[in-house]
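One structure is given below, encoded as structure tokens.
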Amino acid sequence: MTAAHAIAKRPVPEQTVKTRASETAPALSILTPFFRDDPVPLMRKLARVHACHNVELILVSDGGSAAATIARVVTAAEALPFAVTLIVFEKNQGRAIARNRLIEEARGRHVLFLDADMAPIGEDFVDCWLDMIAAENPAVAFGGFSVDAIVHPDARVHHGMSTASECLSAAERARDPAQFLATSNLLVRRDVLASTPFDDGFVGWGWEDVDWALRAAHRAHIMHVDIPAIHKGLDTVETLLRKYTEAGPNYGRLAQKHPSQVRQFRSYRAARALSFLPGLTNLRAILSWFARDPFGVTPLRARCAALRLYRSAIYAEHLP
């Protein structure tokens, strides 16, 4: 049966495409949500997986992809040496719902959340995860990520921020296992996900992964390991400003659900301090101006600082 014949309508507003169906459950289900991003480069990287009989790939298009992109994903899926499932939402439903739908479809005992804008480092990337599964059967393990040394000028601010606070070693991340977890390169055992699904009350962008980690930490040990992937999808300042604004209500939800833990976050302390200042709206406008640097004269470090303060000023308005 071809992929075209495998398309079937479900009662929910989605379509599903399956290729190379297998009756044997794989050891690992790779789960990739995407919204406007193109997952084909990642799929081509995964085509080199050695233990292809032990892997499946499941993707969700969260309502933001053009028909041409979906067609390219189907073509790439048919060329892969392992089973692939593509789920296409008719409308955007958010990161938490997309991840829960991926979990529902997965058949492996472990799943690896791997975002569409990630690039595995080395041809043994998946084999390293499979070796860890065989040797340690981890409940939760975050592999970390890095960024390219050279980036487009429009992404320099995001690159600077990621390098300073996100591209950390396993030892550095392990100091606060839940806070430094992200779903961009995350291995989880299925029984943990069964008891701890993602909270679909987190709408849009941001913080659903930290909320999940804070809840999962009560049930399972969170490991941090060095099996990194490269984050290719660095954003412009304009996109980051929009995402931070969108994430404000989610941060407030996180602080309300986990008050004692979130109070220890540096982001919370900064937001709480700014919440006592008058004129936050005017302050945000000034900070966004410096972050965008319309005249090209503001040093990169200052632009990064302005963007961090802008983010904190947004969060300040949503603290419980």
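Using all C-alpha to C-alpha distances in the stretch 229-320, build P(r) with 10 Å bins and read off the rounded percent in each one.
Reading the bins upward from 0: 17, 45, 31, 7, 0.
Percent of alpha carbon pairs in the stretch 1-144 separated by more than 28 Å?
12 percent
Once phi is turned into θ = phi - 60°, what whole-Hz ³J(HN,Hα) does the Karplus curve with 6.51, -1.76 and 1.60 give for every residue of the stretch 196-212, x standing for Gly and Pro?
9, x, 6, 7, 7, x, 7, 9, x, 9, x, 6, 5, 6, 5, 4, 4
A83's amide H: which non-local residues (gap 5+, or another chain) put their own amide H closer than 5 Å, with H modeled 1.01 Å from N in plane and none for Pro or chain starts?
Result for A83 returns L57.
Longest exposed-loop-site-free stretch of the chain, with GluC sites (Glu not before Pro), DSSP loop and at most 12 other Cβ within 10 Å?
On the way: sites that count: E23, E90, E123.
Counting only loop sites that pass the neighbour cut-off, the longest clear stretch is 124-320.
Cα centroid distance between the stretch 192-242 and the stretch 245-320, in Å?
One Cα centre to the other: 19 Å.
Under a 1.4 Å probe, what is the accessible area of the stretch 37-185 per residue, stated in Å²?
Per residue, the stretch 37-185 has 41 Å² of solvent-accessible surface.
Any lysines with Cα under 19 Å of the K45 Cα? List them, leaving off those in the same chain fewer than 8 positions away.
Answer for K45, where 19 Å is the Cα cut-off: K232, listed by chain and number.
If you filter the stretch 70-115 for trypsin sites (Lys or Arg not before Pro), then keep DSSP loop positions with at most 13 other Cβ within 10 Å, what is left?
Counting only loop positions with at most 13 other Cβ atoms within 10 Å, the trypsin sites (Lys or Arg not before Pro) in the stretch 70-115 are K91.
Which value, in debye to the nearest 20, describes the size of the charge dipole of the chain about its Cα centre when Lys and Arg Cβ atoms bear +1, Asp and Glu Cβ atoms bear -1, and nothing else is charged?
Details: 37 positive and 34 negative charges, 169 e Å.
Charge dipole of the chain: 820 debye, to the nearest 20.
Pick out, in residue order, every one of the chymotrypsin sites (Phe, Trp or Tyr not before Pro) in the stretch 269-307 that is DSSP loop and has at most 13 other C-beta atoms within 10 Å; say none if there are none.
F276, F295
With n ≥ 4 as the cut-off for DSSP H runs, can you work out [θ] at 222 nm for the chain, using -39500 (n - 2.57) per run divided by the number of residues, rounded to the nearest 500?
Working: 13 runs with 137 residues, N = 320.
Using -39500 (n - 2.57) per qualifying helix, the result is -13000 deg cm²/dmol.
Give the long-range amide H neighbours of M223: residues separated by 5 or more places, or on another chain, with amide H under 5 Å away, using H modelled in the peptide plane at 1.01 Å from N.
V140, A141, F142
The values are calculated or read from the model by the stated rules, or taken from the named source; none is laboratory data. All of these numbers come straight from a predicted model, not from anything done at the bench. Positions of Cβ are generated from backbone atoms using ideal geometry, with glycine treated the same way; all protein chains shown enter the neighbour counts. Surface accessibility is based on the protein's heavy atoms, side chains included, excluding ligands, DNA and RNA. Shrake-Rupley method; radii C 1.70, N 1.55, O 1.52, S 1.80 Å.
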